Amino acid sequence: MSTLLIVIIFLAIVFDFINGFHDAANSIATIVSTKVLTPYQAVVWAAFFNFLAFFIFKEHAIANTVAKTVHSEVIVGNTGLIIILSGLIAAIFWNLLTWWYGIPSSSSHTLIGGFAGAAIASAGFGSIDSAMILKTVFFIVLAPLIGMVIAIFITLITVQRSFWLKLSVIVILVGVCAVFVPFKGAKGEIERWMLIGLGVVFSIAYFINYLRGENAYRTQNMYKKLQLVSSAAFSLGHGGSDAQKVMGIITAALVATGYIHKFEEMPNWVPLVCYSAIALGTMSGGWKIVKTMGTKITKVTPLEGVMAETAGAITLFTAANLGAPVSTTHTITGSIIGVGATKRLSAVRWGVTINLIWAWILTIPVSGALAALVYYIISFFTK
């Protein structure tokens, strides 16, 4: 391996680690704010399921999407490596900056924006796959909306007093999704059974609570226990979604140097290292963003935490199945807004939410501009 390739792999792993602690709040904010787990217990719990995703997400559709953001003929030789290096440096800078100010921006979009921005600086706008970029931009809007709609729906159903109504809706929804959603390949079958398992766990929990006699105390305890399940499911989706983006970048660098010839030849060590790095990053926390996600958007109860995480997990698994590089940050924020809005619209602190939306809008163009600047600087000194 060349020295530049080794530097890129190292920085990619560093970015993945930063992604872990930057996005740790996505997995643990609600479970910490509702005091179901202590911060330390929560990060260990989330990190474990981040890594467990390594054994579930085997087709790497998102990694393939990220790797093809820039046309393969542009990512060739030393110039291709400089493009990737510039994108990584810009993404790391933006991630650290937003983490410092407690802004839950998207690690996924800063990586894609940096990669695309450096490629444009090198070879113009024709160097990027506009369809891939538009797909990413489309899901900037769609992912939080899907999370919000699902969260509103399942929250409104859950707060109904009728046990049989809740049970019927769970059975019908899970059944329809299991039969009609086009899950793909072996990974899709695992996701299908995970969805069925999630429905079974919720049904059993509601049934036991019903038999014991529903009251506020028992119901509250039930949702605290269910939050362990919902946060685990979201952490699986987080690991499976975000680790793949770095896998795509590393694989693009390996192809650029001729180490491998196509994406499908990705070495086994790449996903193992990426899933390990994001899990270790999650272990390190990210408490500034935890505060924003867990308390500043809306006050979250255990019930609402379960609903937000479940809606977020469903959205992430669906997007991963479609190969769409969605933001876990956007997804869980939309879900938290959804559960807050079911109480009343004023329960959501819209001023905080609008600031977050501005950060989302700016992430790709700012990361792209930073990467272009870094590319020009590196190119100047390597001529």
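The values are calculated or read from the model by the stated rules, or taken from the named source; none is laboratory data. In this text, all values refer to a predicted model and were calculated from it rather than measured experimentally. Positions of Cβ are generated from backbone atoms using ideal geometry, with glycine treated the same way; all protein chains shown enter the neighbour counts.
If you filter the range 238-274 down to residues that are touching a helix residue (DSSP H, G or I) at 6+ places or on another chain (Cβ under 8 Å) and not in a helix (DSSP H, G or I), you find that the one that is surrounded by the most Cβ atoms within 10 Å (Cβ to Cβ) is 266. Checked against (1) in a helix (DSSP H, G or I); (2) β-branched (Val, Ile, Thr); (3) modelled with pLDDT of 80 or more, residue 292 passes all but a single condition, namely (3).
Determine, yes or no, whether residue 7 is among the aliphatic types (A, V, I, L, M), over 17 Å from the mean Cα position of the chain (by Cα), in a helix (DSSP H, G or I) and modelled with pLDDT under 80. For residue 7, the condition - among the aliphatic types (A, V, I, L, M), over 17 Å from the mean Cα position of the chain (by Cα), in a helix (DSSP H, G or I) and modelled with pLDDT under 80 - is not met.
Considered as a group, the residues in the range 69-88 that are of a type in the set (A, V, I, L, M) and over 24 Å from residue 239 (Cβ atoms) include one that is surrounded by the fewest Cβ atoms within 10 Å (Cβ to Cβ), and that residue is 76.
Identify, please: which residue in the range 320-341 is over 19 Å from residue 22 (Cβ atoms) and among the aliphatic types (A, V, I, L, M) and is, among those, surrounded by the most Cβ atoms within 10 Å (Cβ to Cβ)? First the steps, then the outcome.
Let us first name the residues in the range 320-341 that are over 19 Å from residue 22 (Cβ atoms), namely 320-324, 337-341.
In the following step, the residues that additionally are among the aliphatic types (A, V, I, L, M) were identified as 320, 322, 324, 337, 339, 341.
Numbers: 320: 26, 322: 16, 324: 19, 337: 25, 339: 30, 341: 17.
Among residues in the range 320-341 that are over 19 Å from residue 22 (Cβ atoms) and among the aliphatic types (A, V, I, L, M), the one surrounded by the most Cβ atoms within 10 Å (Cβ to Cβ) is 339.
Comparison of 103, 56 shows that the only residue that is at pLDDT 75 or above and farther than 22 Å from residue 6 by Cα is 56.
Candidates are the residues of the range 113-147 that are at pLDDT 85 or above and β-branched (Val, Ile, Thr); the one that is farthest from residue 230 (Cα to Cα) is 120.
So residue 243 clears everything in (1) of a type in the set (A, V, I, L, M); (2) at pLDDT 85 or above; (3) out of contact with any Ser or Thr (no Cβ under 7 Å at 6 or more places or on another chain) except one condition, right? Which one? Every listed condition holds for residue 243 apart from (2).
Screening the candidates 43, 32 for the property of being modelled with pLDDT under 75, part of a helix (DSSP H, G or I) and either out of contact with any Ser or Thr (no Cβ under 9 Å at 6 or more places or on another chain) or crowded, with 18+ Cβ neighbours inside 10 Å (or both) yields one hit, 32. Of the listed requirements (1) modelled with pLDDT of 85 or more; (2) in contact with a helix residue (DSSP H, G or I) (Cβ under 8 Å, 6 or more places away or on another chain), residue 61 misses just one: (1).
Show me the helices (runs of 4 or more DSSP H) entirely contained within the range 88-196 in which 2 or more residues are closer than 20 Å to residue 11 by Cβ and among the aliphatic types (A, V, I, L, M).
Filter on the range 88-196 gives 107-123.
If only residues of the range 84-100 that are among the polar types (S, T, N, Q) and under 24 Å from residue 6 (Cβ atoms) are counted, the one that is modelled with the highest pLDDT is 86. Annotation note: Cβ proximity below 9 Å between a residue of the range 190-202 that is of a type in the set (Gly, Ala, Ser) and a residue that is surrounded by fewer than 18 Cβ atoms within 10 Å (Cβ to Cβ) (sequence gap 6+ or interchain) occurs for 199/171; 199/173; 199/175; 199/177; 199/178.
Scanning the range 241-251 for any residue that is touching a residue at least 60 places away in the same chain (Cβ under 8 Å) and more than 18 Å from the chain's Cα centre (by Cα) turns up at least one such residue.
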